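The values are calculated or read from the model by the stated rules, or taken from the named source; none is laboratory data. Bear in mind the structure is a predicted one, so any value in this text is a computation, not a measurement. In this analysis, Cβ positions are derived from the backbone assuming ideal geometry, glycine residues included, and neighbour counts consider all displayed protein chains. For the accessible areas, the whole protein counts, side chains as well, though only heavy atoms, and no ligand, DNA or RNA atoms are used. Shrake-Rupley method; radii C 1.70, N 1.55, O 1.52, S 1.80 Å.
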Amino acid sequence: MIEADFHLALPGFSLETHIVLPSRGVTALFGPSGSGKSTLLRCIAGLLKPQYGKLIVNGEVWQDASHFMPPHRRPVGMVFQDAALFPHLSVQQNLDYGAKRSRSKASGTDNLIELLGISHLLQRRTDALSGGEKQRVGIARALFSAPKMLLLDEPLAALDAQRKAELLPYLDQLHQQLDIPVVYVSHAPEEVARLADYIVQLGEGRVIRSGGAIDIFPALLHPLSQEEGVFTLLVGTIELHDTNDYLTQVSIGAHRLWVRYINRPIGSQVRLRLLARDVSLSLDPGVRESSILNTLQTEIATLEETAPGRTLVRLTLNEGPALLSRITTRSARALRLQPGQQVYAQIKGVAPME
Amino acid sequence: MNFTPQDWSAIRLTLELASLTTLLLILFGTPVAWWLSRTTSRTKPLFVSLVAMPLVLPPSVIGFYLLVFMGPNGPLGQLMDQLGIGRLPFSFGGLLLASCIYSLPFVVQPLQNAFEAIDERMYEAAATLRASPLDRFFTVAVPLAKPGFLTAAVLGFAHTVGEFGVVLMIGGNIPDKTRVVSVQIYDYVEALEYSEAHRLAALMLVFSFIVLFLLYTLNPTKKKAPAA
């Protein structure tokens, strides 16, 4: 368990956060820029010394009212937004920098180089690397120092969409293989949905809410519901594969969804993303003459006009997580939709996040 | 070119003085430059101004105050007397001290600029990789400030070689002890020995050009490449 309590006052900004994080898995610090998520991360790393701070990591006191462990004594690995590699050292020397100074030896470093796909870069100068490569080296460098906690400060923010997509699978891999806690700062809902096990939502230096990713994710989206890309995150289990049609069936509670083929064994967990604009509503299940594969019977929880003429409908799936649907206000009126009503959600698109 | 033995002595003395001055200034100027580059203290402008003073003061003023300071009634002079080391004025030691003060900004300022140009996150990254503050200084700050060290050393050396006014005030004109090239040239001109003066003056001209040319060749001012 990691307990972090920081009170920091800067001109024009203050941070007052008290959080308790699980000591395994990925915790996302999520919020808009200026919400204090990077500041909080820097406090954890010891790069910022707040007026009051308490940090206890798995029973070890790193910081309290009378004691401040300087950053170089904290067994953390930190990955910076644009990697912050040392330009005067080669890739290999960058990796060795932390490894040499760490008291404990990192295990499986060869495996790590393999996993991050940087073995062909070791002799290169760092300024000859692409943004994505730099970031992978930055992650490896942090892990080479055998940290007890990995901190990532928006590692994807400086990358374009293509590089992001290139780096995400590596982060997935790490997520599955690391057994140290990871604290991941991000303002992008897609990254959080894909990677986080635990979420702390921040706003103006305060914790707005925190909890398990699946429980808390629907609530996170509320302030984002204006956005075109608003989506629902669902976690399901792979039930069966249809190799002829290149489809995989995923169960979410009692519901079944067909998605494009996922190359993972039956029984494994997957995260699915359903864009609200890809979920339409119907009063009867008659979809036999339709190209839509997935129809779920649901109940309307709330209706809200989030933009002129656009209504966001929150649906419940068998007492389970909410499903979001964006429809026109005209349709909502024509179908006389109201809370408590049974409707059929026709899902046009659903994408696995891994 | 035919240099006289006195010329050679002056050249040797000049090189000795410039080398030692540069060495001492790098040694003691680096911590000063580092502190100036990192401090958030309100006293910073005070120290920046003090370091820059030799840039604007006439060498005769520097020389005059040093003479008073090191003389028999000056605090340093009295201290030296008590320690029985001997007086600094009109000695190589006095010249060395004076040169260090005279060339101080030429060493400290490039170093300070080089340290200030280093991205703060380099130190933060090093800190999270378990490097102590001293370790960070030697393994991150110094290597990244290498161009600054080159500039500082070259400018400090060249500026000391070109020193004249302070030498006259402090060192006088003692052959083999304090008579450096610039003073030797002055002597020749005073004695209307223009061809002798020409030889040494040309040497200084060529030396200064070569040194600066090498500096700007090896250490081109970097244009920031646009972010990829």
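What the table shows:
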read-out: Between the range A:18-89 and the range A:137-195, the Cα center-to-center distance that results, in Å; value: 15
read-out: 10 °C / 1.306 mPa s Stokes-Einstein diffusion coefficient of the range A:18-125, Kirkwood radius on C-alpha pairs, µm²/s; value: 97
read-out: Residue pairs, from the table B:Lys44/B:Lys177; A:Lys105/B:Lys146; A:Lys37/A:Lys134; A:Lys164/B:Lys146; A:Lys37/B:Lys44, whose Cα atoms sit over 29 Å apart; value: B:Lys44/B:Lys177; A:Lys105/B:Lys146; A:Lys164/B:Lys146; A:Lys37/B:Lys44
read-out: Calculated FRET efficiency for the pair B:Ser49/A:Arg209, C-beta based, R₀ 51 Å, to 0.05; value: 0.45
read-out: Stretch gain in nm, segment A:Asp160-A:Thr316, where the contour uses 0.36 nm per residue and the Cα spacing is subtracted; value: 52.6 nm
read-out: Per-pair calculated FRET efficiency, R0 = 60 Å: B:Ile85 and A:Val20 via Cβ, rounded to 0.05; value: 0.35
read-out: Label-to-label distance, nm, for residues given as B:Ser208 and B:Glu116 (7 Å Cα→Cβ offset); value: 2.7
read-out: Per-residue ³J(HN,Hα) for the range A:201-216, Karplus 6.51 cos²θ - 1.76 cosθ + 1.60, θ = phi - 60°, Hz, x for Gly and Pro; value: 9, 10, x, 6, x, 10, 7, 8, 7, 8, x, x, 4, 5, 5, 9
read-out: Scattering curve values for the range A:231-352, log₁₀ I(q)/I(0), Debye with Cα scatterers, q = 0.12 Å⁻¹; value: -0.44
read-out: Label-to-label distance, nm, for residues given as B:Leu57 and B:Thr4 (7 Å Cα→Cβ offset); value: 3.4
read-out: 3J(HN,Hα) from dihedral phi, the range B:180-186, Karplus parametrisation 6.51/-1.76/1.60, rounded to Hz, x for glycine, proline; value: 8, 4, 4, 6, 4, 4, 4
read-out: Gyration tensor verdict on chain B (Cα atoms; rounded if a/c is under 1.5, prolate if a/b is larger than b/c, oblate otherwise); value: oblate
read-out: Prolate/oblate/rounded label for the protein assembly as shown (Cα gyration tensor, a/c 1.5); value: prolate
read-out: Positive-end extreme of charge dipole, chain A - chosen from A:Pro147, A:Gln176, A:Ala351 (charges on Cβ); value: A:Pro147
read-out: Heavy-atom accessible surface of the protein assembly as shown: percent carbon and sulfur, 1.4 Å; value: 58
read-out: Listed peptides A:200-210, A:293-303 by packing density, highest first (mean Cβ within 10 Å); value: A:200-210, A:293-303
read-out: A versus B: buried accessible surface, summed, Å² (probe 1.4 Å, to nearest 100); value: 1800
read-out: Accessible area of the protein assembly as shown divided out per residue, in Å², using a probe of 1.4 angstrom; value: 49
read-out: Computed label-point distance, nm, for sites A:Ser282 and A:Trp258 using a 7 Å Cα→Cβ extension; value: 1.4
read-out: Shape category assigned to the range A:1-76 from the gyration tensor of Cα positions, a/c cut at 1.5; value: oblate
read-out: Ellipticity estimate at 222 nm from DSSP helix runs (n ≥ 4, -39,500 (n - 2.57)) divided over chain A, nearest 500; value: -6500 deg cm²/dmol
read-out: Solvent-accessible ranking of B:Ile101, B:Ile170, A:Ile56, largest area first, probe 1.4 Å; value: B:Ile101, A:Ile56, B:Ile170
